[in-house]
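Novice: Okay, here's the structure, questions in a sec.
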Amino acid sequence: MKFAKTFCRPSASIEVIPIGLPVRLQYNEHGLLQSFSIGFSADLDPMFSVVTLNSEAYNKVFNRIKMIVPNTISVTGGTTWVYGVFYTDSIPCDEGIVPRSLFDSYVDDISNGGIYQFYAGYVHSLAALYRGPLVIRNFLSTNNFNLLPHVIVPLTMSDDTLQQMMNPGSYPFKYSFIGGFFIFEDLNCRYDETNLLQLNVTKDVKPYVDVDGYLKGDIITDSGRSYTFNYSAILHHQVTKGCTLLVERDDESSALSILATRVGKTVEKVPENISQEIKCPVCGKLYRGGDSDAPIQCDDPHCLSHGYQDAVKMLTTFKLPTLSYNSYKALVDAKKIVCLTDLIDLPPCQDVEIKAPLATAMYSVIPSYIVPDFALLEKFANKCNNKVETVAYYLRILCI
């Protein structure tokens, strides 16, 4: 997960909540377990609830809960709420924002005897004041609750640092997928969800080239929605029809990153291997992809799959009518252009007289990856007295 989403300050204390069913337990003024509710608000309001169950379902779940958590606590004289998560090693396959989209499945599983443990991380009481992680963790521990992993945020906190701190000795959960955090700052506590996304893939993914020449793949899900990923990520995580993806969303860029691929409820069951060899949809060249999630494109520098931006540069430099990416792609697919200068011989450019200084003409037709700086070409043209013959002479010498 992107740790910056939690907006934690250095020295803040956080408690890591795995993907599971977040539950608030309510104990009455006699210290007896009285009720429960599902889901937390950001400010941990004890009256907040996400899921409303009918009486039959509620009683069935509550009877199971009473078999898992402490039925009494030491504090009396007022209502006390204990916040935590019911955790199991398997993750339901429901599509949507995690963990909220999984609540119904978790409730059904708990009702039907699924094996769960409850891990607590926060307490609020009308009978006593509990503030700060050390006081709260001491209360939870002495009342026989399992504790969520606890981390103090260092000055240079990052995703990698968090993963290193979540070692097997202090992180009792099977997978390192985080559903949220309890965040303690200045003795106050708040709840922050990571808002991971779970997707069920309903069709095989085919690669296509985007406007910048990179290979992309669109995933179609149960809901009918389409999500775009780097095709390298599709290969790297072995994404095929019928698998379930756990995905992280970047709130700032809206980019999607695949965390895990699975078939069924366990991450160990991954789809069968798919070929890492890619055939360029434009030139047909074979190259390898899928070694990482990084964007990939055809490694032939002359391939028209990544020529659209240079085509736009050429047309705008010559002050010619430009064209959309779809129009460019249609011309490439129809084999009407083999190199970018072929565009000049096609409508609506073919009858336009082009006049431009030598440096401008060279800049318009030379791909940006070769000479990105117009000033270099302008200096070269001036050294050649702006004569085409002189430029051609030096180019012949370079090619010998």
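Throughout, read-outs are computed from the coordinates displayed, never taken from laboratory work. Keep in mind it's a predicted model, so treat the numbers as computed, not measured. We place every Cβ from the backbone using ideal geometry, glycine too, and count neighbours over all the protein chains shown.
Novice: Provide the per-residue ³J(HN,Hα) series for the range 356-368, in order, calculated from phi with Karplus coefficients 6.51, -1.76, 1.60 and θ = phi - 60°, each as a whole number of Hz, with x at glycine and proline positions.
Specialist: 7, x, 4, 4, 5, 4, 5, 4, 6, 9, 8, x, 4
Novice: Oh, and also: Based on DSSP H runs of at least 4 residues, each adding -39500 (n - 2.57), what is the mean residue ellipticity at 222 nm of the chain after dividing by all its residues, to the nearest 500 deg cm²/dmol?
Specialist: On the way: 10 runs with 92 residues, N = 400.
Computed mean residue ellipticity for the chain: -6500 deg cm²/dmol.
Novice: Between K241 and T316, what FRET efficiency comes out of the Förster formula 1/(1 + (r/R0)^6) with R0 = 35 Å and r the beta carbon distance, rounded to 0.05?
Specialist: Efficiency at R0 = 35 Å is approximately 0.25.
Novice: Taking the alpha-carbon distance from K216 and a cut-off under 19 Å, which aspartates and glutamates remain once sequence neighbours fewer than 8 residues away in the same chain are dropped?
Specialist: D204, E248, D250, E277, D291, D293, D299, D300, D333
Novice: How much length would be gained if the chain were fully extended between K206 and K66, taking 0.36 nm per residue of separation minus their Cα-Cα distance, in nm to one decimal? It would help to have the intermediate numbers written out before the result.
Specialist: On the way: separation 140, 0.36 × 140 = 50.40 nm, distance 4.95 nm.
Once the chain is fully extended between K206 and K66, it gains 45.5 nm.
Novice: Take the residue pairs K313/K383; K319/K387; K60/K241 and return only those whose Cα atoms are more than 32 Å apart.
Specialist: Values: K313/K383 24 Å; K319/K387 22 Å; K60/K241 36 Å.
In this structure, K60/K241 lie more than 32 Å apart at Cα.
Novice: Computed from these coordinates, which is P(r) over Cα pairs in 10 Å bins from 0, in percent: [x] 5, 23, 35, 25, 10, 2, 0; [y] 4, 18, 21, 17, 13, 11, 8, 5, 2, 0; [z] 4, 13, 14, 12, 12, 10, 8, 6, 6, 6, 5, 3, 1, 0, 0?
Specialist: [y]
Novice: While we're on this one: Rounded, prolate or oblate: which fits the range 308-400, taking a ≥ b ≥ c as square roots of the Cα gyration tensor eigenvalues, rounded meaning a/c under 1.5, else prolate when a/b beats b/c? Walk me through the numbers on the way to the answer.
Specialist: Numbers: a/c = 2.05, a/b = 1.85, b/c = 1.11.
Prolate, because a/c is 1.5 or more and a/b exceeds b/c.
Novice: Next question, about the same structure. Roughly how tilted is helix 388-399, in degrees to the nearest 10 and between 0 and 90, from the longest Cα axis of the chain?
Specialist: Its long axis makes an angle of about 60 degrees.
Novice: If a/c stays under 1.5 just call it rounded; otherwise compare a/b with b/c (prolate if a/b is bigger, oblate if not). Do that for the range 346-386, with a ≥ b ≥ c from the square roots of the Cα gyration tensor eigenvalues.
Specialist: Values: a/c = 4.08, a/b = 1.60, b/c = 2.55.
Oblate is the answer for the range 346-386, as a/c is 1.5 or above yet b/c matches or exceeds a/b.
Novice: Can I ask one more? Could you list which residues have their amide H under 5 Å from that of N146, counting only those 5 or more apart in sequence or on another chain, with H placed in the peptide plane?
Specialist: A120
Novice: So, one more: Set the Förster distance to 60 Å, then compute FRET efficiency between Y287 and K355 from the Cβ-Cβ distance, nearest 0.05.
Specialist: Values: r = 40 Å, r/R0 = 0.67.
The pair Y287/K355 has a calculated efficiency of 0.90.
Novice: Under 5 Å between amide hydrogens, which residues at least 5 positions from V239 or on another chain qualify, with H placed 1.01 Å from N in the peptide plane?
Specialist: none
Novice: While we're here: Go through the range 106-119 residue by residue and turn each phi into a ³J(HN,Hα) via Karplus (6.51, -1.76, 1.60, θ = phi - 60°); whole Hz please, and just put x for glycine and proline.
Specialist: In residue order, the calculated couplings are 4, 4, 4, 5, 4, 4, 9, x, x, 8, 9, 10, 9, 10 Hz.
Novice: If exposed means no more than 14 neighbouring beta carbons inside 10 Å and the site is in a DSSP loop, what's the longest run of the chain without any exposed GluC sites (Glu not before Pro)? Walk me through the numbers before you get to the answer.
Specialist: Working: sites that count: E29, E252, E268, E272, E353.
It works out to 30-251.
Novice: A follow-up question, please. Could you check the simple spin-label distance between D222 and T79, using points 7 Å along Cα→Cβ, in nm with one decimal?
Specialist: About 3.4 nm, to one decimal.
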